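Below is one structure, written out as structure tokens; comments come after it.
The values are calculated or read from the model by the stated rules, or taken from the named source; none is laboratory data. Everything numeric here is computed off the predicted structure, so don't read it as measured data. Glycine also receives a Cβ, built like all others from the backbone with ideal geometry; neighbour counts cover every protein chain displayed. Just the protein is used for accessible areas: all its heavy atoms, side chains included, with ligands, DNA and RNA removed. Shrake-Rupley method; radii C 1.70, N 1.55, O 1.52, S 1.80 Å.
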Amino acid sequence: MRDFEARRMKLAGGSPTVALNARGIRMKEEGIDVLSFAAGEPDFDTPEAVKDAAIEAIRRNDTHYTSAAGTMALRRRIVQKLREENGIEASEDGILVTPGAKLALYAAMTCFLQEGDACMVLTPAYPSYRSGILMAGADYVPVPLSFDNGFVVTREMLEAKVTKHAKMLIVCNPCNPTGHVLTEQELRDIADFVLAHDLLLIADEIYEKLIYDGRKHLSLGAIPEIRDRVITLNGLSKSAAMTGWRIGYSAASPELTKVMLKLQQNTVNCTASFTQTASIAALDCAADAERMRLSYLERRNLICDGLNAIPCIECPRAEGAFYAFFRIDCRGMSSEQLADYILEKAGILVVPGTAFGEGGEKCIRLSFAASRESLQEAVKRLTALFSE
Ligand code: PMP
Ligand code: GLU
């Protein structure tokens, strides 16, 4: 039989974060003693009010196709949320409700990128950006940021990588995996850059509620000069602990949204109806989101303090999201070698920094959305391993 796989799928590859998470689940099922910190997933249950809203919706037979863009009630609530919390002026026609932010991301890349286009990504970055760009047939252009200066981006760094083929820039704020939260200056530089080169900007804000030490989340889509070229991505996976519900959305101009709607109409049709109804309740769960944030903050401090006490480890305090992204200086080992070594010798599953692209060398990502006991045990095992 011939090889049926399309070239772009070969290039894209699978998702390392999803694959490693599956590996952790499999190892546990096989009874292997493994502590898995590979998955970036809240360890909280979905708030009761959200579950109740979904059950009630099902009982009311809210179980049919909805409008492809999403129900008007949910889109209206998202518009209100964006205005009140993010300073983003969107209209209902500019909202697309998708099964997970990942689908909104895929839609944005598929609908606006094609062969000959280049898409720039600040790296280390969420691996599905690179894969999505390659699945769209476009060129992936990493803009590597540096561990040593806290992964700050400047206009010069962006200018150094831009070509005449550049069409899109993807920015994750707060960042998975580095935890960096963009400052006002960085936002300004990004905005000036996309305007100067006439680019589309994807602002992935899925971690916006997880932000620490008094920092403030600033939305790129709120900057007036670029608002018509920004596609803001968000969802409830992280803020309302709803990963399995598959609910996300994009916010952009009605013109851009109309293009993405074509993909939705021809693929998933719409997001699950009762999930959409429950999401209206989820957007009202600010107290739950804050309770979760405070708990992540406490666990961030626990893991960072523990790891920084190990001489060869440098673990900056994540400014946002729920990942410790730390560097290990040990016998010249690469990030893959380090991840393998940690799994083999300490029974701890983590993600090598280079899974997130350039800039992740010698780094490891560990999700601290895990129990205090497991984090304490990880610190104990890593201390023993790297103090040899
Ligand atoms: N963007 C980033 C940066 C993420 O970490 C995730 C979570 N995996 C997503 C998008 C997608 O989230 P979801 O599809 O669960 O809404
Ligand atoms: N957000 C998670 C992570 O980065 C989930 C896995 C994924 O979507 O790739 O690990």
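Observations, loosely collected:
- Extension gain for the segment Glu92 to Glu255, taken as residue separation times 0.36 nm less the Cα-Cα distance, is 57.5 nm to one decimal.
- Largest-first ordering by accessible area, 1.4 Å probe, given options His217, His197: His197, His217
- Highest to lowest packing among 2-12, 113-123, scored as the average C-beta count within 10 Å: 113-123, 2-12
- Distant-in-sequence amide contacts of Phe326, defined by a placed amide H-H separation under 5 Å and a gap of 5 or more residues or a different chain, comprise Ile364, Leu366.
- Under 5 Å, built H, 5+ apart or other chain: amide partners of Thr123: Val143, Leu145
- Along segment 117-125 the Karplus relation, 6.51 cos²θ - 1.76 cosθ + 1.60 evaluated at θ = phi - 60°, assigns HN-Hα couplings of 8, 10, 10, 8, 9, 6, 10, x, 9 Hz to successive residues, with x for each Gly and Pro.
- Ranked by how many other beta carbons lie within 10 Å on average, peptides 310-318, 202-210 from highest: 202-210, 310-318
- Cα lying deepest toward the dipole's positive end in the chain, options Leu218, Asn301, Ser371, charges on Cβ: Ser371
- Projecting label points 7 angstrom from Cα along Cα→Cβ for Glu358 and Arg60 puts them 5.1 nm apart.
- Inter-label distance, Ala73 to Arg2: 5.1 nm, where each label sits 7 Å from its Cα along the C-beta direction.
- Couplings 3J(HN,Hα) of segment 199-215, computed from phi: 9, 8, 10, 9, 10, 8, 10, 4, 9, 4, 7, 9, 8, 10, 6, x, 5 Hz, in residue order, whole Hz [Karplus 6.51 cos²θ - 1.76 cosθ + 1.60, θ = phi - 60°; x for Gly and Pro].
- Pairs from the list Lys216/Lys238; Lys51/Lys238; Lys209/Lys258 with a Cα-Cα gap above 19 Å: Lys209/Lys258.
- From phi via Karplus (6.51, -1.76, 1.60), per-residue ³J(HN,Hα) for segment 67-82 in Hz, x at Gly/Pro: 4, 4, 6, x, 5, 4, 4, 6, 4, 5, 5, 5, 4, 5, 4, 5
- Between Ala160 and Arg188, the modelled labels are 2.2 nm apart [label points 7 Å from Cα along Cα→Cβ].
- Comparing Asn266, Asn176, Asn301 in a Gaussian network model of the chain where C-alpha atoms under 10 Å apart are linked, the largest mean-square fluctuation is found at Asn266.
- Accessible surface of segment 1-126, 1.4 Å probe, proportion on carbon and sulfur as whole %: 50 percent
- Close amide H pairs (under 5 Å, H built 1.01 Å from N) link Leu169 with Met120, Leu200, Leu201, Ile202, residues at least 5 positions away or on another chain.
- FRET efficiency, 1/(1 + (r/R0)^6) with R0 30 Å, evaluated for Arg215 and Ser387 via beta carbons: 0.35
- Average accessible area per residue (Å²) across the chain - probe 1.4 Å, nucleic acids and ligands excluded: 43 Å²
- Net charge over other residues, Cβ less than 13 angstrom from the Cβ of Ser131 (K, R count +1; D, E count -1): +4
- Sequence-distant lysines (8 or more away, or on other chains) whose Cα lies within less than 24 Å of Lys380: Lys28, Lys345, Lys362
- For the chain, calculated [θ]222 nm from helices alone, where every DSSP H run of n ≥ 4 adds -39500 (n - 2.57): -12500 deg cm²/dmol
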